[in-house]
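A short worksheet on the structure shown next.
Values in this text are rule-based calculations from the coordinates and carry no lab data. Bear in mind the structure is a predicted one, so any value in this text is a computation, not a measurement. All Cβ positions, even for glycine, are placed from backbone atoms using ideal geometry, and neighbour counts span all protein chains on display.
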């Protein structure tokens, strides 16, 4: 932390306001500390302490808007609360900043599926699955379970529809 | 389509049943609300679901799997572990704990800065001022929780807060610019946005301190 505190560029605030520098230039939190803050936010969300988690995620976005953690956390939380438009906006930003994260694409797919945007949902799910070829990622595996579940439901509905047509 | 919702419960059990049920409910709501080509009555919704999903998810439904079953996490995950350079088995507060009392000092300095920023926008930032008020209350709680009691005045005298001291100076000069009427409306709005961001930073650091304090209290109670 001290190293960054010692090297704040001249007129840093003007650059921060112009979006050229993150606020973190004043704090100098290193990557390990930022990751730990993100992990704290994720843990709070997992425990259902969403308002505390929100403070961490929004703080991370304020600290460095180029870091995807805050957007990914806010997106997952909005999706879990079924605030789909909000989730979509945060998750699209997270995917733009970190395009190789299977969980973010899985969450985007789920959001779009819930919105009945089937083509876009399928495209996001395909990205999530491709990025997790070993089928180890919990976020991508949630997507796989949803797809498998939907396959069963659709297959049963099709069977019922055919049966109704024959009757 | 509404008939599909109880059907899910009879087909799928456990977490995946709950999640798929909620997904199907969401789709039904959106199709009924005119999404994806409109509803056209219950039959239309039913047809839209089968037609839409069948067409878009054809490749996904028929895909090869390495594992027979995939665990369905009850809540959406935030991000993949591979992209977070922090060992999840470690306590994040332990990692942040090495910031020590610095966090307490930062929180107090941020409180001062927010006061300065919100006071500078000629009453145009009522929301931000309200947020700063709330943040001020949180600061009291945070300071009480940490027990560090580093007053902002003494913090500004310390070298470790030099960067935030320089921020204080820059805020002063920007305030002058705003007051003198030389700033554009855009600059003023940018300034207000940064005030809100500082408030969010303040709330984050206060929350972190409160978590640390709660954990310490729990640890002490467990020892006793």
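Based on the alpha-carbon set only, what is the convex hull volume of chain A divided per residue, in Å³? Each step should come with its number before you reach the end.
Values: hull volume 22.8 nm³, N = 167.
Spread over its residues, the Cα hull of chain A gives 136 Å³ apiece.
How would you rank A:109-121, A:20-32, highest first, on the average number of other Cβ atoms within 10 Å across their residues? Intermediate results must be reported in sequence, preceding the final value.
On the way: A:109-121: 23.3, A:20-32: 18.0.
By packing density, highest mean first, the sequence is A:109-121, A:20-32.
What does the average come to when, for each residue of peptide A:51-59, you count the partner chain Cβ atoms lying within 10 Å of its Cβ? Let's see the in-between values first.
On the way: counts 1, 6, 2, 4, 11, 8, 3, 7, 11.
Partner Cβ neighbours, averaged per residue: 6.
The simple spin-label model puts a point 7 Å past each Cα toward its Cβ; for residue A:49 and residue A:167 those points are separated by 5.3 nm. Applying 1/(1 + (r/R0)^6) with R0 = 25 Å to the Cβ-Cβ distance of residue B:10 and residue B:69 gives a FRET efficiency near 0.85. Pop the C-beta distance of residue A:89 and residue B:214 into the FRET formula with R0 = 45 Å and round what comes out to the nearest 0.05. E(calc), rounded to 0.05, equals 0.90.
Compute the whole-percent fraction of alpha carbon pairs in segment A:1-67 spaced more than 19 Å apart. So the pairs more than 19 Å apart make up 38 percent of the total in segment A:1-67. Estimate the FRET efficiency between residue A:152 and residue A:81 by the formula 1/(1 + (r/R0)^6), using the beta-carbon distance for r and 25 Å for R0, to the nearest 0.05. The value I calculate is 0.45.
Arranged by the count of other C-beta atoms within 10 angstrom, fewest first, what order do B:179, B:64 take?
Values: B:179 12, B:64 4.
Least to most surrounded, the residues fall as B:64, B:179.
Put in line by how crowded their Cβ is, counting other Cβ atoms within 10 Å and starting with the fewest, B:195, B:22 read B:22, B:195. For segment A:1-67, the relative contact order works out to 31 percent when only alpha carbon pairs closer than 8 Å and six or more residues apart are counted. Shielding by partners for peptide A:109-120, expressed as the average number of C-beta atoms from other protein chains within 10 Å of each residue's C-beta, is 6. Quotient of the Cα radius of gyration of segment A:87-167 and 2.2 N^0.38 Å, N being its number of residues: 1.28.
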